[in-house]
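Asks: Structure provided below as structure tokens; questions to follow.
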There are 2 protein chains.
Amino acid sequence: MKLRIFVTLKPGVLDPQGKAIGKALQGLGFQGVNDVRQGKLIELDVADDTTDAAIDEMCRTLLANTVIENYRVERA
Amino acid sequence: MKLRIFVTLKPGVLDPQGKAIGKALQGLGFQGVNDVRQGKLIELDVADDTTDAAIDEMCRTLLANTVIENYRVERA
């Protein structure tokens, strides 16, 4: 079973990496870039009998820092 | 206009970061994790009149290294 896990910074958490990308895009001459946020995309290939609870546990214990990050799981 | 850009390593390109995540999951006792690949998720907020060509150009010049990475643009 293929999973895609999207880990994004919570709103309000500073994202210097996103800011750097935004400034670089402006520096390259791209107009109209208002905001950039960078997150992570983790693609997992897990056994078909993996439970939702186990997936959630993986996200909470390792893949996302839930103090500052949100995560979303998508089954591919 | 909100865009989500998914940057993933091309198949065949080694992904040590993904391997490390996989080993860490195993170390934590999660069974059945066959493969892990880590990519990037970049959320852009751009002006509504930004053309597809400009978005593509941003990806090719800055956001993705097209030698080793694929990218996919999704309009939110």
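Bear in mind that the values in this text are calculations on the coordinates, not laboratory data. This is a predicted model, so every value here is computed, not measured. Don't worry about glycine lacking a Cβ; one is built from the backbone with ideal geometry, like all the others, and counts go over all protein chains shown.
Asks: When you look at the Cβ of every residue in B:66-72, what mean number of other chain Cβ atoms sits within 10 Å? Kindly include the intermediate steps, with their values, before the conclusion.
Replies: Working: counts 0, 0, 0, 0, 0, 0, 0.
Average per residue, whole number: 0.
Asks: Mind checking B:42-51 for the average number of partner chain beta-carbons within 10 Å of each residue's beta-carbon? Walk me through the numbers before you get to the answer.
Replies: Values: counts 8, 10, 11, 7, 8, 5, 1, 2, 4, 0.
Per residue, the average neighbour count from other chains is 6.
Asks: While we're here: When Lys and Arg each count +1 and Asp and Glu each count -1, what net charge do the other residues less than 10 Å away from residue B:34, Cβ to Cβ, add up to? Don't jump to the answer; show the numbers that get you there.
Replies: On the way: positive: A:2; negative: A:45, B:35.
That sum, taken over residues with Cβ under 10 Å, equals -1.
Asks: Something else now. Once you put a point 7 Å from the Cα of residue A:66 and another 7 Å from the Cα of residue B:61, both along the Cβ direction, what distance in nm separates them?
Replies: In this crude spin-label approximation the distance works out to 4.2 nm.
Asks: For segment B:11-76, what does the relative contact order come out to in percent, with C-alpha contacts under 8 Å and a separation of six or more?
Replies: 25
Asks: Show which lysines lie in cross-link reach of residue B:10 when reach means a straight Cα distance below 24 angstrom and same-chain residues fewer than eight apart are skipped.
Replies: Qualifying lysines at Cα under 24 Å: A:2, A:40, B:19, B:23, B:40.
Asks: In debye, nearest 20: dipole of segment B:2-75 around its Cα centre with unit charges on the Cβ of K, R (+) and D, E (-)? Mind dumping the intermediate values first?
Replies: Working: 10 positive and 11 negative charges, 102 e Å.
I would put it at about 480 debye.
Asks: Considering only B:22, B:39, B:12, give the residue with the highest GNM mean-square fluctuation for chain B, with springs between Cα atoms whenever their separation is below 10 Å.
Replies: B:12
Asks: Evaluate the distance, in nm, between pseudo-label points positioned 7 Å from the Cα of residue A:53 and of residue B:35 along their respective Cα→Cβ axes.
Replies: For residue A:53 paired with residue B:35, the spin-label model returns 2.9 nm.
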